[in-house]
Structure formats: C-alpha cells, structure tokens
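So the structure is just underneath, and the comments pick up after that.
The values are calculated or read from the model by the stated rules, or taken from the named source; none is laboratory data. Keep in mind the model is a prediction, meaning the values are calculated, not measured. Neighbour counts run over all protein chains shown; Cβ positions are idealised from the backbone, glycine included. Surface accessibility is based on the protein's heavy atoms, side chains included, excluding ligands, DNA and RNA. Shrake-Rupley method; radii C 1.70, N 1.55, O 1.52, S 1.80 Å.
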Amino acid sequence: MSSQSIPFNKPCLAGRELLYLAEAIMRGHAAGDGAFTRKCHTFFEERFAVRRALLTTSCTHALEMSALLLNIAPGDEVIFPSFTFVSTVNAFILRGATPVFADVRPDTLNLDESILPSLITPRTRAIVPVHYAGVGCEMDAIMSIAETAGIPVIEDNAHGLFASYKGKALGTFGCMATQSFHETKNVICGEGGALLINDPQYIERAEIIREKGTNRARFFRGQVDKYSWVDVGSSYLPSDLLAAYLFAQLESCDTIQEKRKSIWTRYNAGLADWAQNEGIRVPTVPGHCDQAYHMFYLLLPSLADRTAFIQHLKDRGIQSVFHYLPLHLSEMGRKFGGRDGQCPVTESISDQLVRLPFFNDLTESEQGAVIEAARSFRVGANAPLAISA
Ligand SMILES: Cc1ncc(COP(=O)(O)O)c(C=O)c1O
C-alpha cells in the first residue's frame with residue numbers, strides 16, 4: 001500500500017472471506033476445483049447465462065487458454081487495441097501470432113470499430129476487444145464485422161464484470177471472454193481470473209487445457225474410468241482457497257457495485273464543471289452502455305498538465321496513476337513493426353489519462369478530499385518548464 005494517506009487502490013473485504021477461507025481449509029480440499037470453485041462457476045453460469053465458466057489463476061491465463069483453444073499458430077494475425085494491458089497481446093504472441101494494433105475511439109477509448117475492416121486480412125484469426133474502464137465496446141458493429149469475416153471474438157472483460165451493452169452482459173458476446181479478480185478489480189481474490197465460454201464447441205477442450213492436458217474433469221464426472229494425457233495444457237486452475245475468497249466477494253457483488261456506483265457518480269458530479277472549465281475530460285459512457293463502475297479517469301489537455309496534476313495530488317497526500325502506454329510503440333510493439341503515428345488517438349490519450357483513487361471502501365470524506373484537491377488544480381499554472389517523456 002502507498003505511504004500516501006489516500007492510496008489509488010486498497011483491497012477491500014466484503015464480509016465472509018475469512019470465514020470461507022477457514023471453511024475451505026478445514027474441508028481439506030486446498031487444490032483446485034473444490035466446492036468453492038464450483039460455487040463460483042455456478043454463479044457466473046447462472047448470472048450471465050454463459051455456457052461454461054472456469055476459474056483460472058489470472059485473466060492473463062484465461063487469455064492464454066483462449067489462444068490455445070483457437071489453435072493460434074505462427075503466421076496468424078490477431079487484432080487488438082494498442083491501448084490495453086500487455087497480457088491481452090502476450091497471450092497470443094506466446095503462440096506465435098503477429099499482433100495487429102488498432103487505434104481506439106476518442107470517446108470511450110475502446111477499439112475503434114470503424115477501422116476494423118481495414119485491418120482484417122486472410123490471416124486474421126481473432127479479434128480481441130477490451131471493454132476499457134468497464135464501458136462496452138461497440139459490440140453490434142464488432143460482432144457483425146467479425147461474423148461476416150468468420151473471425152472469432154474474444155472479449156477481454158478484465159474491467160467489465162457486471163456491465164452491459166444494449167442490455168446484454170459484457171462477456172457474453174464473443175465465443176469466449178476473460179475476467180480478472182486481481183486486487184485492483186471490482187471483485188477480487190488477490191490474483192485470479194475466469195474464462196467464460198459462450199460457444200459450447202470449446203468447453204471440453206478448455207477443461208482439458210486447464211488441467212494439464214488431461215481429461216481429469218471427465219474422470220471426476222464419471223465419464224471415463226481413468227484420466228490421462230489427451231492434449232496440450234497447463235495448470236490454469238486456482239486453489240479452492242482463492243475461490244473461497246472470491247465467492248465471498250461474488251456473494252456481495254450487488255453491495256460492491258452499489259458502493260462503486262456511488263463513488264463514480266460522486267466523482268462525476270463533483271468534478272464535471274471544474275473539468276469543463278479547465279478543458280479536462282471526464283469519462284464518456286454512451287447511453288446504451290451500463291458500465292461496471294471500475295474506474296474514474298480524467299483526460300488532461302497535455303502530458304505536462306497530467307504530470308503536474310499527479311504531483312499536485314501527491315503534494316496533498318493523494319495517489320493518482322496513469323495507465324497503459326501504447327503497445328505498438330513499446331520495445332516489443334516496435335519489433336512487430338509498430339511506428340509513431342500508427343494509432344494517433346492511443347498515442348495522445350495515453351499521455352493525458354490519469355486515474356483517481358477508486359476502491360470499495362473509499363469513504364465520502366476521503367473522496368471529498370480528492371475532489372477538493374483536484375478542483376484546486378489549474379491547467380497550465382503548474383506545468384513544469386521541461387518534461388521528459
Ligand atoms: C485489460 C486487461 N486485460 C488483462 C489483464 C490481466 O489481468 P490479470 O492480472 O488478472 O492477469 C489486465 C490487468 O489489469 C487488464 O487491464
């Protein structure tokens with residue numbers, strides 16, 4: 001945790017975590033796929049009507065599973081937004097794919113669906129939209145472009161649990177979707193994730209890949225009399241102790257989401273007029289998107305302003321943080337041909353974006369202090385003379 005008095009993030013308990021952890025330990029099933037894992041699977045399958053939910057050790061690993069399930073191989077191209085976390089892309093690069101970076105929309109900062117058709121080639125094997133900040137990508141357009149071209153869509157829904165697009169839950173559009181329960185997310189277990197499978201053709205092989213390439217899941221269901229090595233795989237299932245922690249959070253998800261909605265709404269109401277006067281942007285949430293209330297960010301006019309703003313809050317004991325750097329301009333991205341000017345929106349917003357403290361137990365008085373500190377900032381007034389990128 002930061003030494004500052006108001007940290008950017010703090011893992012918060014929902015209530016029954018310790019109780020369920022003790023129960024999981026006492027039950028004597030500490031490995032994966034115990035009773036709490038099954039409860040978590042049922043939660044996702046019932047709440048979102050996904051065909052199969054599988055807990056994983058992280059969202060990164062759920063993404064890796066999706067790349068294995070699609071048989072991604074060298075020479076294949078996969079389309080991603082450049083404005084995302086490295087795991088979105090790494091999972092596919094590990095299988096030898098070539099990343100094709102798309103720019104994002106200037107309003108929601110989500111993959112710009114209007115440029116998607118120009119990025120599709122005969123080698124395109126997957127499209128991986130990311131619902132940034134838990135606000136849905138334009139899924140009607142993305143799904144229609146992907147379906148016309150016969151390309152599977154994997155939703156990286158690390159931020160978007162409980163959000164929806166035109167009334168349909170994020171994570172239920174693509175053939176698969178991935179979730180994160182890392183301690184910075186809305187519901188957490190420290191490190192954890194899930195693969196949500198909507199297309200049933202992937203279910204059986206997903207169970208195998210997650211269990212070291214064995215048909216252990218079939219064995220436990222009594223469908224085979226012994227289990228053996230049948231495919232490639234790895235160990236992607238978390239301990240039932242982590243599932244116990246997660247289940248306590250899932251059980252309280254409505255309370256958690258209510259708290260986060262209040263925090264987001266308070267930031268928006270407390271900062272909108274100041275932001276407008278200063279030429280600062282608050283998040284755009286289209287009317288057809290019910291967001292996840294995952295984060296609250298501001299877009300400052302320039303990198304110099306953002307640097308000064310982060311320092312301004314830091315001087316007042318408040319931690320604020322920027323987010324993704326454009327992946328196409330990273331050392332790895334450039335090895336894949338990434339060049340300056342390729343994704344102009346990503347390149348500019350990545351310098352401008354700052355995230356404010358946002359966690360379930362952020363108190364009204366702490367949030368009041370953040371709002372007051374932000375409002376005392378004047379664009380241009382504190383900008384350092386020289387900025388190094
Ligand atoms: C969009 C996105 N995808 C994937 C991940 C990876 O999640 P995890 O830490 O659970 O592997 C993150 C991490 O924050 C993320 O922001």
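The table below gives the values:
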{"item": "Relative contact order (%) - criterion: Cα under 8 Å, at least six apart; region: region 94-163", "result": "31"}
{"item": "Ranking by accessible area, most exposed first, for 17, 64 with a 1.4 Å probe", "result": "64, 17"}
{"item": "Accessible-area ranking of 261, 335, largest first, probe 1.4 Å", "result": "335, 261"}
{"item": "Solvent-accessible ranking of 339, 52, largest area first, probe 1.4 Å", "result": "339, 52"}
{"item": "Virtual spin-label span in nm between residue 340 and residue 258, 7 Å along Cα→Cβ", "result": "5.2"}
{"item": "Gaussian network model of the chain, Cα within-10 Å springs - most flexible of 138, 191, 204", "result": "204"}
{"item": "Degrees between helix 240-251 axis and first principal axis of the chain (Cα, 0 to 90, nearest 10)", "result": "60"}
{"item": "Region 233-284: C-alpha gyration tensor shape, a/c 1.5 cut-off, then a/b vs b/c", "result": "oblate"}
{"item": "Cα principal axis extents for the chain, largest first, Å", "result": "73, 53, 36"}
{"item": "Cα-based Kirkwood hydrodynamic radius, region 87-137, one decimal, Å", "result": "12.0"}
{"item": "Centre separation in Å (Cα based) which lies between region 296-319 and region 275-294", "result": "17"}
{"item": "Relative contact order for the chain, counting Cα pairs under 8 Å that sit 6 or more residues apart, in percent", "result": "22"}
{"item": "Estimated [θ] at 222 nm from DSSP helical runs (n ≥ 4, -39500 (n - 2.57)) normalised by residues in the chain, nearest 500", "result": "-11500 deg cm²/dmol"}
{"item": "For the chain, share of DSSP beta bridges that run antiparallel, in % to the nearest 5", "result": "60"}
{"item": "Shape of region 232-389, Cα gyration tensor, a/c cut at 1.5", "result": "oblate"}
{"item": "Helix axis angle, 35-48 relative to the chain longest principal axis, alpha carbon, degrees", "result": "70"}
{"item": "Three-way shape call for region 281-355 based on the alpha-carbon gyration tensor, with the a/c threshold at 1.5", "result": "oblate"}
{"item": "Cα Rg, Dmax, region 169-262, angstrom units", "result": "15.8, 52"}
{"item": "Computed over region 173-313: relative contact order in percent, which uses C-alpha pairs under 8 Å that are six or more apart", "result": "17"}
{"item": "The chain: angle of helix 17-27 to the longest principal axis, Cα-based, in degrees nearest 10", "result": "20"}
